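The values are calculated or read from the model by the stated rules, or taken from the named source; none is laboratory data. Keep in mind that this is a model prediction, so the values were computed, not measured. Every residue, glycine as well, gets a Cβ built from its backbone with ideal geometry; the counts of neighbours run over all protein chains shown. Heads up: the accessible areas ignore ligands, DNA and RNA and are worked out on the full protein's heavy atoms, side chains in. Shrake-Rupley method; radii C 1.70, N 1.55, O 1.52, S 1.80 Å.
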Amino acid sequence: MVKAAAASLALFLLLLSSPCISGGALKLRSWCVAKPSSDEKTLVENINYACSQVDCRVLQKGCPCFSPDNLFNHASIAMNLYYQCKGRNKWNCDFKNSGLITITDPSYGGCVYE
C-alpha cells in the first residue's frame with residue numbers, strides 16, 4: 001500500500017512539473033495539419049499566409065521538412081508552425097476550414113513538428 005501511494009505521489013508531482021499543465025488541467029499536445037480534402041489553391045494560400053506570419057525556413061530545400069516536396073506536406077508544416085506560434089487555439093488552425101487539429105504527432109524522420 002505504501003509503494004502504491006508513493007508511486008501515485010511521484011506521478012502527481014511529475015504531472016505538476018509538466019509544461020503541459022495549465023490551471024490544474026492536463027492539456028493534450030496537439031498539432032495542426034491540412035485536411036486531405038484541401039485543394040491546391042487553398043494549400044498555397046495557407047502556406048503564403050502562415051509563412052508571412054511565422055518563420056518557415058524548415059521548408060527550404062536541404063532542411064529537414066522539405067521532403068516530401070509537395071503542397072500538402074508543406075502546407076501542413078506551415079499551418080502547424082502558425083498554430084503553435086499563435087497559441088494552439090482552435091481558431092489558429094481554421095485556415096478557412098482547411099485545417100485539422102490532431103493529437104497524433106505528425107513528425108517524421110528528421111522533421112519534428114513543434
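Quick notes on this one:
- The orientation-averaged projection of the convex hull spanning the C-alpha atoms of segment 23-114 amounts to 6.1 square nanometres.
- In Å², nearest 10: area of ASP55 left accessible to a 1.4 Å probe: 80
- Proximal aspartates and glutamates relative to LYS90, as straight alpha-carbon distance under 18 Å, when same-chain residues fewer than 8 apart are discounted: ASP105, GLU114
- Rounded to the nearest 0.05, the FRET efficiency derived from the C-beta distance between ASN89 and LYS61 at R0 = 25 Å is 0.20.
- Quotient of C-alpha Rg and 2.2 N^0.38 Å, computed over segment 39-90: 1.06
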